[in-house]
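The values are calculated or read from the model by the stated rules, or taken from the named source; none is laboratory data. No experiment lies behind these values; they were computed from the predicted model shown. All Cβ positions, even for glycine, are placed from backbone atoms using ideal geometry, and neighbour counts span all protein chains on display.
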Amino acid sequence: MLECKNISKAYKSGNLETRVLKNASFKINDGEFVAIMGPSGSGKSTLMHILGALDTPTEGQYWIDGQDVSRLTDDELAVIRTKKIGFVFQSFNLLPRTSVLRNVMLPLAYAGVPTEKREEMAKSALRGAAFPEGFWNHYSNQLSGGMMQRVAIARALVNNPALILADEPTGNLDSKTGEAVLQTFQELNEKHGRTIVLITHEREVAEHARRIIQIRDGQIISDEIKK
């Protein structure tokens, strides 16, 4: 479903070139739950931007669902992000004085989904994220951090993307709430077969995934499937 082949990324400033990602190669199959783990400055954020079609590599190729996205234009990348990738960020990125249901419906408007289908799809996504129905009409700024992250997960699910990309999704949560959110990802993977890539710097967070790819100094140093 997802394949990176010799992905490298370099940034230039005058005559100085800094390589932050070096020949990264791996495949992720449909239905896998994979953590990409590395310390600050390891290159994991750069890799996340490429996987999320937010950037393109300097060298190498990246395929998602059989489509080579490594050389697409900005407009073409935007289409990939809208149709094939669901994002969950550390900062939630919800509209504060907007209901939970409308926050989840928003990506459907960008995707051109007919109005009459949006609410039905948003409710289905909220159920998939285990978000309680009694709070669907609450404003997002009336929710706890854990509940806001579940709304963000539902929003990531709503377009039925090929890939859910979660960037440090527990970074703003206490440990108990973070554990509950990670269990939601596990259930989405184990019960519903969702393909999930989790970006983290914490080993205990990465351990919730079935496979851990470690990156350091821009290079993949290990790729471990848990038994």
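General remarks:
- Residues of segment 198-208 classified as touching a helix residue (DSSP H, G or I) at 6+ places or on another chain (Cβ under 8 Å) and not in a helix (DSSP H, G or I), total: 5
- Residue count for segment 97-130, restricted to those that are in a loop (DSSP other than H, G, I, E, B), within 24 Å of Val181 (Cα to Cα) and among the hydrophobic types (A, V, I, L, M, F, W, C): 2
- Of everything listed in (1) at pLDDT below 90; (2) more than 22 Å from Gly31 (Cβ to Cβ); (3) surrounded by fewer than 15 Cβ atoms within 10 Å (Cβ to Cβ), the single unmet condition for Asn172 is (3).
- Residue, farthest from the chain's Cα centre (by Cα), within segment 160-197, restricted to residues that are under 30 Å from Lys117 (Cα atoms) and assigned to a loop (DSSP other than H, G, I, E, B): Gly193
- Check on Pro132, under 20 Å from Ala109 (Cα atoms) and out of contact with any Pro (no Cβ under 8 Å at 6 or more places or on another chain): no
- Taking segment 31-49 as the range and being within 17 Å of Lys9 (Cβ to Cβ), surrounded by fewer than 21 Cβ atoms within 10 Å (Cβ to Cβ) and either aliphatic (A, V, I, L, M) or at pLDDT 95 or above (or both) as the test, only Met48 passes.
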